[in-house]
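Take a look at the structure below.
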Amino acid sequence: MKKRLLTGLMAMSMAASLLAGCSGTVVEEAAPSETAAEGAAATGTEGAAATTTGGGSTFTYAIAGDTGNTLNPLTADDRYGLMTCKVLYAPLYYINLDGTVDYILAESMEANEDATEWTCKLKPDLKWSDGEPLTADDVVFTINAQNENGPLLYVNNQPITVEKVDDLTVKFILPAPSASMFELLSAELFMLPEHYFADKGTFDVNMLEEQPVGNGPYVLEKYETGQYLQFKANPNYVLGKPSIENVVYRVVENEDTATLALQNGEVDAWMASTPEQLLPYEGNENFNIYNYTEGRVAYMALNPTSEKMQDADYRRGIFYALNKDEILMAAYSDPEFYEAGYTFLPPVNEYYDDSAVEKYEQNVELAKELTAGGPTDINIMYLVSDAQQERMALTIQAELKAIGINVELNGVESAAWTAAYQDKENGDFDMYLGGYIMGTDPNLYAPLFSQDGDNSFRYSRDDVDELWVQADQVTDVEARKPLYSQIQAMLQEDAIFYPLGSNMRTLVTNARVGNVEEAGLVPIYSIKDLSKLTINE
């Protein structure tokens with residue numbers, strides 16, 4: 001067994017909560033139930049094995065959820081739908097965590113002097129999976145479709161415009177300078193074929209009846225609801241035909257079933273969620289373990305809409321009652337699987353700066369003083385299917401009980417969590433747990449806390465809104481850093497958002513799977529480029 005820590009992950013702006021997919025900017029992941037019945041999922045995986053067994057020509061990945069019969073690459077809003085998009089479609093380029101750029105469909109992307117225009121050159125002789133040429137017309141089609149779908153590619157509340165210069169050249173025109181636009185035009189913005197979608201009248205693809213045309217490493221060959229997705233290599237993929245002929249995503253919702261399938265050789269890869277699940281693989285030469293960060297921020301937030309959370313000192317008192325390390329240890333069991341954080345940015349981010357923020361180190365006496373006379377009965381909402389969140393909630397409950405506050409645990413299903421979270425007028429919950437993945441550019445986090453954006457955390461402060469706009473219009477990194485440092489400090493002053501930190505992801509593979517580092521491990525999609533994987537017999 002080889003155990004590796006991978007930190008060179010692709011950075012991306014992901015969509016408004018696994019709650020809003022390719023068209024937004026935050027991911028809130030609902031974990032599968034650890035006690036889900038094996039039932040249909042187990043039956044489905046048996047069917048997949050019978051259909052797709054191909055020895056060295058097949059890579060089978062156990063995933064914990066089904067994307068559903070209909071896939072829309074503009075609106076996919078869950079981890080597994082996004083993973084499917086990543087198999088079928090390619091972007092113009094990727095931005096890596098260290099700032100380097102991997103050009104995929106694009107050959108170059110250059111800005112004018114004030115960064116209000118970006119010119120993209122496509123690689124020559126690009127083709128779609130059906131052999132049709134991929135040109136600048138497809139890029140223009142994709143950008144216009146995205147702008148019609150939602151305000152992802154907006155600057156100062158105005159959409160960017162796109163012009164075709166020639167078959168291989170596209171110009172993006174911004175209403176104002178924006179340092180974050182380069183990233184917004186990258187990772188999750190998959191290019192779509194105009195000749196396939198234009199006459200459909202919809203971007204929905206019925207995967208039971210259709211075989212979508214794409215430009216990714218693989219094309220969809222077969223889909224069985226709740227059981228598996230089967231892909232075959234795309235010979236027209238821009239980076240070359242994949243080494244492995246077939247890829248199968250097998251739906252295995254129960255984690256015990258999934259780990260047994262890996263140990264029995266029924267699947268080649270699986271994503272573990274706790275250190276305890278790695279015990280069968282530690283010291284086992286038949287498996288490799290890869291730990292990596294997604295740049296995810298786990299948090300506890302206070303609901304400003306709740307009547308019980310109106311007093312700022314009371315909110316600060318709650319924060320001072322908490323012990324961040326105890327909460328993280330309760331959730332993840334091992335310090336190797338998390339890193340504590342103190343701002344809205346993940347610690348791995350270049351702009352992360354906790355030097356001037358209020359860290360709310362635990363101070364029980366101060367917490368009692370600040371909460372005296374305030375509500376003594378409050379509740380916390382979390383995903384009942386997420387074991388880590390449940391352990392966090394229990395620890396928070398115990399720590400607040402020590403200062404005389406009783407916390408009712410309100411574990412809910414994903415749909416209920418989403419409905420409450422999105423209803424900005426809902427004051428029925430006082431605190432809640434969640435997490436998001438955003439990207440490398442700090443402005444991609446603005447919609448979480450800006451009144452001009454989605455304002456996910458219901459935060460209202462005009463001077464912070466102005467700073468978001470100002471910072472995005474500064475293109476020099478060193479000049480931007482003090483502005484984002486100021487935003488990080490100001491947000492923590494108001495005590496509505498309690499960042500916990502970043503947790504690791506862990507991929508376990510059969511030892512016969514090769515080139516994992518070269519393929520790359522990244523947020524959401526897990527594997528950056530499936531075409532680079534190999535199977536070693």
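The criterion of being modelled with pLDDT of 95 or more, in contact with a strand residue (DSSP E or B) (Cβ under 8 Å, 6 or more places away or on another chain), hydrophobic (A, V, I, L, M, F, W, C) and part of a helix (DSSP H, G or I) does not hold for residue 398. If the condition is being in contact with a strand residue (DSSP E or B) (Cβ under 9 Å, 6 or more places away or on another chain), within 24 Å of residue 329 (Cα to Cα) and among the hydroxyl-bearing types (Ser, Thr, Tyr), then the range 350-394 contributes 360, 382, 385.
For the range 181-220, a tally of residues being under 26 Å from residue 447 (Cβ atoms) and not aromatic (Phe, Trp, Tyr) returns 11. Taking the range 527-537, which residues are of a type outside the set (S, T, N, Q) and assigned to a helix (DSSP H, G or I)? Within the range 527-537, 530, 532 qualify.
Can you find even one residue in the range 75-84 that is hydroxyl-bearing (Ser, Thr, Tyr), assigned by TED's automatic domain parsing to the domain that holds residue 180 and touching a residue at least 12 places away in the same chain (Cβ under 8 Å)? Scanning the range 75-84 turns up no residue that is hydroxyl-bearing (Ser, Thr, Tyr), assigned by TED's automatic domain parsing to the domain that holds residue 180 and touching a residue at least 12 places away in the same chain (Cβ under 8 Å).
From the list 82, 152, the lone residue that is part of a helix (DSSP H, G or I), in contact with a Phe, Trp or Tyr (Cβ under 7 Å, 6 or more places away or on another chain), within 21 Å of residue 182 (Cα to Cα) and at pLDDT below 95 is 82.
Results for (1) surrounded by fewer than 16 Cβ atoms within 10 Å (Cβ to Cβ); (2) in the same structural domain as residue 115 (by TED's automatic domain parsing); (3) among the hydroxyl-bearing types (Ser, Thr, Tyr), shown as yes or no for each residue.
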| position | (1), (2), (3) |
| --- | --- |
| 433 | no, no, no |
| 445 | no, no, yes |
| 451 | yes, no, no |
| 455 | no, no, no |
| 485 | no, no, yes |
| 522 | no, no, no |
| 529 | no, no, no |
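Of all residues in the range 122-139, exactly one satisfies the criterion of being of a type in the set (A, V, I, L, M, F, W, C) and free of Cβ contacts under 8 Å to residues at least 40 places away in the same chain, namely 136.
Once the range 121-179 is narrowed to residues that are among the charged types (D, E, K, R) and under 19 Å from residue 212 (Cα atoms), the residue that is surrounded by the most Cβ atoms within 10 Å (Cβ to Cβ) is 138.
Residues checked against (1) under 22 Å from the mean Cα position of the chain (by Cα); (2) under 20 Å from residue 492 (Cβ atoms):
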{"residue": "362", "(1), (2)": "no, yes"}
{"residue": "373", "(1), (2)": "no, no"}
{"residue": "383", "(1), (2)": "yes, no"}
{"residue": "416", "(1), (2)": "yes, no"}
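Can you pull out the residues in the range 66-79 that are of a type outside the set (Asp, Glu), crowded, with 21+ Cβ neighbours inside 10 Å and in a loop (DSSP other than H, G, I, E, B)?
Scanning the range 66-79 gives 67, 73, 74, 76.
Residue 191 meets all of the listed conditions (1) assigned to a strand (DSSP E or B); (2) within 28 Å of residue 234 (Cβ to Cβ) but one, namely (1). Keeping to the range 187-201, report how many residues are in contact (Cβ under 8 Å) with a residue 40 or more places away in the chain and either farther than 19 Å from residue 104 by Cβ or more than 22 Å from the chain's Cα centre (by Cα) (or both). Residues flagged as in contact (Cβ under 8 Å) with a residue 40 or more places away in the chain and either farther than 19 Å from residue 104 by Cβ or more than 22 Å from the chain's Cα centre (by Cα) (or both) within the range 187-201 amount to 6.
In the range 383-410, the residues that are on the phi > 0 side of the Ramachandran plot form Cβ pairs under 9 Å with partners that are part of a loop (DSSP other than H, G, I, E, B) and at pLDDT 95 or above, at six or more places apart or across chains, as follows: 404/372; 404/376. Only one entry of 441, 463 meets the criterion of being farther than 18 Å from residue 303 by Cα, surrounded by fewer than 21 Cβ atoms within 10 Å (Cβ to Cβ) and either touching a Cys at 6+ places or on another chain (Cβ under 6 Å) or acidic (Asp, Glu) (or both), and that entry is 463. Condition (residue is at pLDDT below 90 and of a type in the set (Val, Ile, Thr)) applied to the range 435-458: is it met by at least one residue? Yes, that holds for at least one residue.
Once the range 248-257 is narrowed to residues that are touching a helix residue (DSSP H, G or I) at 6+ places or on another chain (Cβ under 6 Å) and not polar (S, T, N, Q), the residue that is surrounded by the most Cβ atoms within 10 Å (Cβ to Cβ) is 252. Could you go through the range 234-253 and let me know if any residue there is closer than 16 Å to residue 85 by Cβ, in contact with an Asp or Glu (Cβ under 7 Å, 6 or more places away or on another chain) and modelled with pLDDT of 95 or more. Within the range 234-253 (the criterion being closer than 16 Å to residue 85 by Cβ, in contact with an Asp or Glu (Cβ under 7 Å, 6 or more places away or on another chain) and modelled with pLDDT of 95 or more), the answer is no, since none of the residues qualifies. Looking across the range 491-509, the residues that are under 24 Å from residue 259 (Cβ atoms) and among the aliphatic types (A, V, I, L, M) come down to 504, 507, 508.
Specify the residue that is nearest to residue 303 (Cα to Cα); the eligible residues are those in the range 319-349 that are buried (at least 21 other Cβ atoms within 10 Å of the Cβ), among the small types (Gly, Ala, Ser) and touching a strand residue (DSSP E or B) at 6+ places or on another chain (Cβ under 9 Å). Taking the candidates together, the pick is 341.
Summed over the range 91-143, residues that are under 22 Å from residue 218 (Cα atoms), part of a strand (DSSP E or B) and charged (D, E, K, R) total 3. Scanning the range 258-270 for residues that are touching a strand residue (DSSP E or B) at 6+ places or on another chain (Cβ under 9 Å) and surrounded by fewer than 19 Cβ atoms within 10 Å (Cβ to Cβ) returns 263, 265. Residues in the range 510-526 that are of a type in the set (D, E, K, R) and within 19 Å of residue 262 (Cα to Cα): 512 only.
The values are calculated or read from the model by the stated rules, or taken from the named source; none is laboratory data. It should be emphasised that the depicted structure is a prediction, and the values quoted were computed from it without experimental measurement. Glycine gets a Cβ as well: all are built from the backbone with ideal geometry, and neighbour counts include every protein chain shown.
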